[in-house]
Amino acid sequence: MKYFLYILFIIALAYNTFPLALGLNRDHRNKHLTNLLLAAIFGLLQGIMYYIGSLLGDTFMHVFILRYKWVVFGIIIAVSVRMMLEAFKIRKGERLFSFDNYVKFIIMTIAAGINTLIIGMTANYFSPFDELMPVFLVAASFLWSIAGISMNLSRTNILLSSMMHLGASIVLFIVALVYILTNNWF
């Protein structure tokens with residue numbers, strides 16, 4: 001059961017790339033190889049952001065050693081609430097972007113990784129699959145990006161994206177609750 005929740009956690013955390021990828025190829029003028037490269041960049045930056053977050057967490061999370069469970073719980077809940085709020089923005093079409101240059105693409109990819117960076121700060125106390133977590137995030141983000149790039153940008157797909165984002169935030173919320181209520185996650 002624990003590993004099932006770990007996998008759901010990774011899939012839900014990696015979902016942040018999907019709404020951006022949905023808006024990436026809105027007029028389908030990119031070639032398939034370009035789309036694969038852009039999806040790979042989405043995935044790699046998610047893994048890098050998690051790793052940077054874990055390095056950042058290494059610098060100060062030791063201060064919270066006595067209350068680490070509550071800190072990890074609070075961080076995951078905060079990311080979950082943030083994703084819930086983003087789900088409503090997606091529904092309105094506010095979080096879909098059309099990229100006319102690659103600088104905006106990189107900036108938005110880094111912005112999509114903020115949740116991953118924040119979760120990465122808890123890696124000392126909660127890191128599913130330990131050192132493989134960034135690798136699994138890269139793979140899951142790449143797959144979400146491919147799915148988003150390959151879909152047509154329609155009102156139905158925007159609503160689907162919003163509902164899936166809300167579902168991902170609920171998964172994070174459930175993982176946080178299970179983490180705080182059980183003692184076997186360390």
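The values are calculated or read from the model by the stated rules, or taken from the named source; none is laboratory data. Remember, it's a predicted structure, so these values are computed and weren't measured experimentally. Positions of Cβ are generated from backbone atoms using ideal geometry, with glycine treated the same way; all protein chains shown enter the neighbour counts.
In the set (1) of a type outside the set (A, V, I, L, M); (2) out of contact with any Ser or Thr (no Cβ under 7 Å at 6 or more places or on another chain); (3) buried (at least 22 other Cβ atoms within 10 Å of the Cβ), residue 144 fails one condition alone, (2).
Residues in the stretch 149-186 that are closer than 23 Å to residue 43 by Cβ and outside any helix (DSSP H, G or I) were compared, and the one that is modelled with the lowest pLDDT is 153.
Among the residues of the stretch 42-57, is there at least one that is surrounded by fewer than 15 Cβ atoms within 10 Å (Cβ to Cβ), under 25 Å from residue 132 (Cβ atoms), of a type outside the set (A, V, I, L, M, F, W, C) and over 13 Å from the mean Cα position of the chain (by Cα)? No.
The set of residues in the stretch 122-141 being surrounded by fewer than 20 Cβ atoms within 10 Å (Cβ to Cβ) and part of a helix (DSSP H, G or I) consists of 130, 131, 132, 135, 139.
Scan the stretch 103-121 and tell me whether some residue there is more than 23 Å from residue 31 (Cα to Cα), of a type in the set (A, V, I, L, M), in contact (Cβ under 8 Å) with a residue 24 or more places away in the chain and not in a helix (DSSP H, G or I). Yes, the conditions are met somewhere in the stretch 103-121. In a residue-by-residue description of the stretch 28-39, the property of being among the β-branched types (Val, Ile, Thr) and modelled with pLDDT of 80 or more applies to no position. When residue 98 is tested against (1) within 28 Å of residue 37 (Cβ to Cβ); (2) at pLDDT 85 or above; (3) surrounded by fewer than 16 Cβ atoms within 10 Å (Cβ to Cβ), only condition (2) is not met. Listed by first and then second residue, the pairs linking a residue in the stretch 64-81 that is closer than 16 Å to residue 5 by Cβ to a residue that is surrounded by 18 or more Cβ atoms within 10 Å (Cβ to Cβ) and among the small types (Gly, Ala, Ser), with Cβ atoms under 6 Å apart and 6 or more places separating them unless they lie on different chains, are 73/176; 76/176; 77/176; 80/169.
The single condition from (1) over 21 Å from residue 166 (Cβ atoms); (2) at pLDDT below 90; (3) not hydroxyl-bearing (Ser, Thr, Tyr) that residue 20 fails is (1).
Given the criteria in contact with a helix residue (DSSP H, G or I) (Cβ under 7 Å, 6 or more places away or on another chain), in a helix (DSSP H, G or I) and surrounded by fewer than 18 Cβ atoms within 10 Å (Cβ to Cβ), does residue 67 qualify? Spelling it out, it is not the case that residue 67 is in contact with a helix residue (DSSP H, G or I) (Cβ under 7 Å, 6 or more places away or on another chain), in a helix (DSSP H, G or I) and surrounded by fewer than 18 Cβ atoms within 10 Å (Cβ to Cβ). Selection over the stretch 70-85 of residues that are more than 21 Å from residue 8 (Cβ to Cβ) and either crowded, with 19+ Cβ neighbours inside 10 Å or touching a strand residue (DSSP E or B) at 6+ places or on another chain (Cβ under 8 Å) (or both) gives a count of 1.
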